[in-house]
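The values are calculated or read from the model by the stated rules, or taken from the named source; none is laboratory data. Everything numeric here is computed off the predicted structure, so don't read it as measured data. Here Cβ is always computed from backbone atoms with ideal geometry, including for glycine, and neighbour counts include all displayed protein chains. These accessible areas exclude ligands, DNA and RNA; they are computed on the full protein's heavy atoms, side chains included. Shrake-Rupley method; radii C 1.70, N 1.55, O 1.52, S 1.80 Å.
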Amino acid sequence: PPSFSPRHVPVHVTMGRITIFSLTECGHCRRTKAALSARNIPFEEINISTHPDRRNDMLSLSDNLTVPQVFANQIYIGGADDTLEMLKRWDEDEAYPSALERYQAEIESQPDPTDTRLKIPTSPPVHEPPPPPRNEKDDAILLPGGKRCTVLQITRRLISALPRHNISHRGKVQKNCFRGSSAVLALIKDFGMEGKKEEAIEFGQLLQRRQLIRNADNGSHIFGATNQLFRLQPYHTPKIINSFRIWSERVDPNSMSLINRLAKLMGKVESNSSDADGNVDYVAALDDENYWTFEEAVCELQGVDFASMDGMTKLAFGMNLYNIMIKHAFIKVGIPESIMQRSSFFGSVSYNVGGDILSLSDLENGVLRGNSKAPYALSKPFSNGDARMRLALSKVDSRIHFGLNCGAKSCPPVKKFTATAIDEELRIVSLAFCEQDDNVKIDEANATITL
């Protein structure tokens, strides 16, 4: 553990301090800062969300991509767990009445750090360029009575208002569907259209044209008060989990900005659903308002041109996409527990990216591993003639496995990867993985390495 020795400080020298490299939406950062604040221990923060140019300083100082990274003056303490363990030792140290007084004696009494990489930012915070404005006016749904609402608002309302059953039809069970006649009655009740059956039917047909209501059997039946089966769009293709809606709005041409916004949204969902130790309650996440915003926002990926990205951008985008997708799947589908469940989970849970349907396995093995066989697989993900072959990376970097989060205990923490620094980022995550005894054990006496 780090040790600090107080010494005389001339009056003209500024005070020592604790410095924290952090991200805005980080539960572990909040946990660390809360632990310091609970003891009235001051700290300075270098937020790499608002000052991304300081990320390289954090990397070079700590050789870690994860946050927080904490320093006492120029002495590296470590991450959240390391800092909390240090504070616990301070609490138990009988040499000082309190942790605060130990901080004042051993850290605050020292000179200010001279390493420029620990300098507190003075420049204005950097904000990512805003996305192109959405076509919300044109995208809005005209309700009975003349009011307008967003697709997200009406979809959530319809989820509550319309019936949903598993119905046997022509020898096949159609799940999460309803008969047109039942839906008309539900619309009349929910939108106050008593005595206006035809108006309710017309409204249902509008919802069908906007692809919020779909034919359960993928037929061409027009919505009406009939026995035909229909289904809400969020339940129409359940294994394609970014199909809450059919994306008909503008698509941000900056795909990396889009994936960063989605990561931040997911970060908010996780933060709001985490306990004091940073463990995420994925069931509780379903009730978070930010989750519903994410559910619609992630549908924009339906319009992303994945194939046209250069190699470094495709690698960084693909890794960030995978790490978002796995967390989204945990919330929406659930966490697989058995080997059989994991096999089905990674092979079937999918995203629609630019019209290409990609499962987690497709993304990892087909795209990022250049169309290589998955472990124990008999064939490659993309066969000859598969249009998705154009997505496969021509140059494969095996270090991707250190940066992909598959949800297992041995997986590395999720990071944000960038096209401009992907090589350095992969180097860091590789080192971080191999330095953990749970991942790599070296038995020098028997000349054995255990992974």
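Of Ala307, Ala263, Ala297, Ala276, all but one fail to be over 28 Å from Ala186 (Cα atoms) and under 14 Å from the mean Cα position of the chain (by Cα); the exception is Ala263.
Is it the case that some residue within segment 62-69 is exposed (fewer than 13 other Cβ atoms within 10 Å of the Cβ), modelled with pLDDT under 90 and either over 23 Å from Ser257 (Cβ atoms) or of a type in the set (S, T, N, Q) (or both)? Within segment 62-69, not a single residue is exposed (fewer than 13 other Cβ atoms within 10 Å of the Cβ), modelled with pLDDT under 90 and either over 23 Å from Ser257 (Cβ atoms) or of a type in the set (S, T, N, Q) (or both).
Condition check ((1) at pLDDT below 95; (2) open to solvent by less than 20 Å² (accessible area, probe 1.4 Å)) across all residues:
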{"site": "Val9", "(1), (2)": "yes, no"}
{"site": "Arg17", "(1), (2)": "no, no"}
{"site": "Glu25", "(1), (2)": "yes, no"}
{"site": "Ile46", "(1), (2)": "no, yes"}
{"site": "Arg55", "(1), (2)": "yes, no"}
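Of the candidates Glu337, Glu364, the single residue that is charged (D, E, K, R) and modelled with pLDDT under 95 is Glu337. If you take the residues in segment 400-436 that are surrounded by fewer than 18 Cβ atoms within 10 Å (Cβ to Cβ) and hydrophobic (A, V, I, L, M, F, W, C), which one is modelled with the highest pLDDT? Of everything passing the filter in segment 400-436, Ala419 is modelled with the highest pLDDT.
The criterion of at least 2 residues that are without any contact (Cβ under 8 Å) to a residue 40 or more places away in the chain is met, among helices (runs of 4 or more DSSP H) falling completely within segment 254-371, by 255-272, 289-297, 339-348.
Kindly indicate which of Thr155, Thr114 is among the β-branched types (Val, Ile, Thr) and over 27 Å from Leu229 (Cβ atoms).
On the way: Thr155 fails: over 27 Å from Leu229 (Cβ atoms).
Step by step, each of Thr155, Thr114 is checked, and only Thr114 is among the β-branched types (Val, Ile, Thr) and over 27 Å from Leu229 (Cβ atoms).
Here is the figure for segment 221-246: residues that are surrounded by 17 or more Cβ atoms within 10 Å (Cβ to Cβ) and among the charged types (D, E, K, R) total 2.
When Asn439 is tested against the conditions (1) in a helix (DSSP H, G or I); (2) without any contact (Cβ under 8 Å) to a residue 60 or more places away in the chain; (3) under 24 Å from Leu59 (Cβ atoms), the lone failure is (1).
Counting only residues that are polar (S, T, N, Q), give me the helices (runs of 4 or more DSSP H) lying completely in segment 32-134 with at least 2 of them.
So the answer is 55-62.
All of Leu368, Leu378, Leu363, Leu391 fail the test of being hydrophobic (A, V, I, L, M, F, W, C) and over 26 Å from Pro253 (Cβ atoms), apart from Leu378. If you go through segment 76-92 and pick out every residue that is open to solvent by 20 Å² or more (accessible area, probe 1.4 Å), more than 24 Å from the chain's Cα centre (by Cα) and farther than 27 Å from Asp423 by Cα, you end up with 7.
Of the residues making up segment 346-394, those that are open to solvent by less than 60 Å² (accessible area, probe 1.4 Å), over 14 Å from Leu404 (Cβ atoms) and charged (D, E, K, R) number 3.
Cβ separations smaller than 8 Å between residues 6+ apart or across chains give the following pairs from segment 115-128 residues that are within 15 Å of Ile18 (Cα to Cα) to residues that are open to solvent by 60 Å² or more (accessible area, probe 1.4 Å) and in a loop (DSSP other than H, G, I, E, B): Asp115/Gln74; Leu118/Gln74.
Could you go through segment 297-320 and let me know if any residue there is farther than 20 Å from Glu249 by Cβ, open to solvent by less than 10 Å² (accessible area, probe 1.4 Å) and in contact with a Gly (Cβ under 9 Å, 6 or more places away or on another chain). Yes, segment 297-320 contains a residue that is farther than 20 Å from Glu249 by Cβ, open to solvent by less than 10 Å² (accessible area, probe 1.4 Å) and in contact with a Gly (Cβ under 9 Å, 6 or more places away or on another chain).
Among the residues of segment 321-345 satisfying the criterion of being out of contact with any Phe, Trp or Tyr (no Cβ under 8 Å at 6 or more places or on another chain) and small (Gly, Ala, Ser), which is surrounded by the fewest Cβ atoms within 10 Å (Cβ to Cβ)? The qualifying residue surrounded by the fewest Cβ atoms within 10 Å (Cβ to Cβ) is Ser338.
In segment 135-152, how many residues are assigned to a strand (DSSP E or B), open to solvent by less than 70 Å² (accessible area, probe 1.4 Å) and touching a residue at least 12 places away in the same chain (Cβ under 8 Å)? So that I can check it myself, show each step before the final result.
Filtering segment 135-152 for residues assigned to a strand (DSSP E or B) gives 141-142, 148-149.
Next, from what is left, pick out any that are open to solvent by less than 70 Å² (accessible area, probe 1.4 Å): 141, 149.
Okay, now just the ones that are also touching a residue at least 12 places away in the same chain (Cβ under 8 Å), so 141.
The number of residues fulfilling the criteria is 1.
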